[in-house]
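Please treat every number below as a calculation from the coordinates, not as lab data. None of the values given here were measured: they were computed from a predicted structure. Backbone-built Cβ (ideal geometry, glycine too); neighbour counts: all protein chains shown.
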Amino acid sequence: MRILQISDCHLYRESTGELAGINTLDTFDAVLAMAGACLPAPDLILATGDLVHDATPQGYDRLRERLEAHGMPVYCLAGNHDKPAVMNSCMDSSLVGTSKVIRYYDWLIFMLNSTIPGQEGGHLDKLELELLEGEISENPECHVLICLHHHPVPVGSAWMDRIALDNPGDLFLITDRYPQVRGILWGHVHQTFEGMHQDIRLMGSPSTCIQFLPGHDLFGIDNLPPGTRWLELMPTGVIHSGVQRLNQTPVKLDLHTIGY
């Protein structure tokens with residue numbers, strides 16, 4: 001199974017909306033066009049949060065229309081800039097949805113909500129964790145990929161790690177009991193992250209707009225181009241994955257922006 005992950009698109013109500021000097025709709029369109037030209041056609045798209053910066057119905061409608069044009073299933077989860085209720089209402093069509101559990105041949109993909117209303121950091125509540133463990137235990141023959149917005153392990157930037165998932169131990173208590181969990185995938189960090197937790201592959205991914213400077217304790221913007229992550233989920237449980245970026249950084253990117 002081939003997957004394209006898009007994350008942290010930060011679209012707006014208006015098509016002219018900008019973040020750190022760049023038009024986020026333009027970079028979103030450019031990343032999807034690049035993926036279509038450079039990568040094998042995916043079976044589905046996973047959109048892992050912070051999809052619409054101002055969480056407006058108009059922004060979600062525009063995003064849904066863009067995604068529907070690609071003619072493949074798209075599954076969305078919320079980030080801290082999204083409003084889950086608005087997102088769930090707007091991202092609901094024959095191709096685009098917000099299902100929490102996706103069964104695809106011998107894989108289970110979970111789209112967990114880690115948002116806390118009014119806060120930048122994340123938390124997996126009891127219902128999300130119970131759903132996760134219940135579905136894994138009832139499908140022991142399936143390999144598992146877990147997706148959420150917030151990172152469950154430090155990425156080495158103090159400001160970003162302060163707004164990480166606040167209860168990763170609860171997540172890992174579950175995953176450690178089930179060897180069929182193969183990977184955990186997230187957005188939020190606006191940068192590539194690769195790691196391991198025991199035998200579980202950990203993957204953080206770039207944004208389709210601005211990138212955060214890795215390894216810095218204070219907020220900073222990197223000059224790397226926008227990008228996306230691709231994944232291949234093999235019948236054996238192996239995950240192949242990598243990051244593909246645009247060839248150029250948007251010329252109007254403001255590296256001196258002090259927040260977002």
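Could you pull out the residue among Q191, Q198, Q180 that is farther than 21 Å from L51 by Cα and in contact with a Pro (Cβ under 7 Å, 6 or more places away or on another chain)? Spell out how you get there, then give the answer.
On the way: Q191 fails: farther than 21 Å from L51 by Cα; Q198 fails: in contact with a Pro (Cβ under 7 Å, 6 or more places away or on another chain).
From the options Q191, Q198, Q180, the qualifying one is Q180.
Would you point out which residue out of S15, S7 is surrounded by 15 or more Cβ atoms within 10 Å (Cβ to Cβ) and among the small types (G, A, S)?
S7
Any idea which of (1) touching an Asp or Glu at 6+ places or on another chain (Cβ under 9 Å); (2) in contact (Cβ under 8 Å) with a residue 12 or more places away in the chain; (3) surrounded by fewer than 20 Cβ atoms within 10 Å (Cβ to Cβ) is the one S205 doesn't satisfy?
(3)
Within segment 84-91, is even one residue surrounded by fewer than 16 Cβ atoms within 10 Å (Cβ to Cβ) and in contact with a helix residue (DSSP H, G or I) (Cβ under 6 Å, 6 or more places away or on another chain)?
No, every residue in segment 84-91 fails to be surrounded by fewer than 16 Cβ atoms within 10 Å (Cβ to Cβ) and in contact with a helix residue (DSSP H, G or I) (Cβ under 6 Å, 6 or more places away or on another chain).
Suppose the filter is part of a helix (DSSP H, G or I) and crowded, with 18+ Cβ neighbours inside 10 Å; does L32 pass it?
Working: part of a helix (DSSP H, G or I): yes; crowded, with 18+ Cβ neighbours inside 10 Å: yes.
Yes: the conditions hold for L32.
Please determine, by comparing only the residues of segment 226-246 that are assigned to a loop (DSSP other than H, G, I, E, B) and touching a residue at least 40 places away in the same chain (Cβ under 8 Å), which one is surrounded by the most Cβ atoms within 10 Å (Cβ to Cβ). Give the steps one after another, and end with the answer.
Taking segment 226-246 and keeping what is assigned to a loop (DSSP other than H, G, I, E, B), we get 226, 234-238, 246.
Restricting the remaining residues to those that are touching a residue at least 40 places away in the same chain (Cβ under 8 Å) gives 226, 235, 237-238, 246.
Values: P226: 28, P235: 10, G237: 17, V238: 12, L246: 19.
Among those residues, the one meeting the criterion is P226.
Look through segment 118-176, keep the residues that are over 17 Å from the mean Cα position of the chain (by Cα) and of a type in the set (G, A, S), and return whichever of them is surrounded by the most Cβ atoms within 10 Å (Cβ to Cβ).
S157
Results for (1) in contact with a Ser or Thr (Cβ under 7 Å, 6 or more places away or on another chain); (2) in a loop (DSSP other than H, G, I, E, B); (3) touching a residue at least 24 places away in the same chain (Cβ under 8 Å), shown as yes or no for each residue.
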position	(1), (2), (3)
T27	yes, no, yes
I102	no, no, yes
G118	no, yes, no
L131	no, no, yes
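Which pairs do you get when a residue that is small (G, A, S), found in segment 211-225, comes within reach of a residue that is part of a loop (DSSP other than H, G, I, E, B), reach meaning Cβ atoms under 7 angstrom, with the pair 6+ apart or on two chains?
Short answer, once both residue conditions are applied: G215/G156; G215/S157; G220/L213.
Condition test on S137, is it touching a Phe, Trp or Tyr at 6+ places or on another chain (Cβ under 8 Å) and closer than 20 Å to H197 by Cβ?
yes
Exactly one of these conditions fails for W107: (1) farther than 22 Å from H188 by Cα; (2) of a type in the set (A, V, I, L, M, F, W, C); (3) without any contact (Cβ under 8 Å) to a residue 60 or more places away in the chain. Give me its number.
It fails just one condition, (3).
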